[in-house]
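The structure under discussion appears below in the form of structure tokens.
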Amino acid sequence: KQWYQRRVAITAGNVESLTAPDATPKDIAVAMASSGYYCGYEPHSTCPAELSLTGNTREELQGQLNNANASYRGHVLQVKEVGTYFYMCTRNNNFTNRSQKGSIVVKE
């Protein structure tokens, strides 16, 4: 699961999902890094076991996300600490005119 190990740092422990309240930061990181192919690291209320990373019954996620869906609903996140948070989309990013990245600044 090398793609997960490289991208787990994108999700801080001070973020929680409002759409899946029992999803852990690890679940959120897996769902986002896999473009929703896996709904989380482990099963939870909005993630059936067969769609989670640990219980997956489908073919393994292809390294360039070619077998992931083109659309991903994602999570509505609540950030609990002041700071600057960076994000990017790796699905459609060739570092030219399609670069999809940005930052969110959380202030008191």
Go through the range 69-91 and report how many residues are under 14 Å from the mean Cα position of the chain (by Cα), open to solvent by less than 60 Å² (accessible area, probe 1.4 Å) and under 17 Å from Asp27 (Cα atoms). 2
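Among the residues of the range 38-51, how many are open to solvent by less than 20 Å² (accessible area, probe 1.4 Å) and either out of contact with any Gly (no Cβ under 6 Å at 6 or more places or on another chain) or more than 16 Å from Asn69 (Cβ to Cβ) (or both)?
Kept after step one, since they are open to solvent by less than 20 Å² (accessible area, probe 1.4 Å), are these residues of the range 38-51: 38, 40, 47.
Remaining after also requiring either out of contact with any Gly (no Cβ under 6 Å at 6 or more places or on another chain) or more than 16 Å from Asn69 (Cβ to Cβ) (or both): 38, 40.
The number of residues fulfilling the criteria is 2.
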Residue pairs, Cβ under 7 Å, 6 or more apart or interchain, first in the range 73-88 and modelled with pLDDT of 80 or more, second open to solvent by less than 100 Å² (accessible area, probe 1.4 Å) and of a type in the set (Lys, Arg). List them. none
Which pairs do you get when a residue that is at positive phi, found in the range 15-37, comes within reach of a residue that is among the aromatic types (Phe, Trp, Tyr) and open to solvent by 10 Å² or more (accessible area, probe 1.4 Å), reach meaning Cβ atoms under 9 angstrom, with the pair 6+ apart or on two chains? Ser35/Tyr72; Gly36/Tyr72
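Hey, among the residues in the range 4-22 that are open to solvent by 10 Å² or more (accessible area, probe 1.4 Å) and part of a loop (DSSP other than H, G, I, E, B), which one's modelled with the lowest pLDDT?
Filtering the range 4-22 for residues that are open to solvent by 10 Å² or more (accessible area, probe 1.4 Å) and part of a loop (DSSP other than H, G, I, E, B), the one modelled with the lowest pLDDT comes out as Thr11.
The values are calculated or read from the model by the stated rules, or taken from the named source; none is laboratory data. Remember, it's a predicted structure, so these values are computed and weren't measured experimentally. Reconstructed Cβ throughout: ideal geometry from the backbone, glycine too, with neighbour counts over all protein chains shown. Heavy atoms of the whole protein, side chains included, go into the accessibility calculation; ligands, DNA and RNA do not. Shrake-Rupley method; radii C 1.70, N 1.55, O 1.52, S 1.80 Å.
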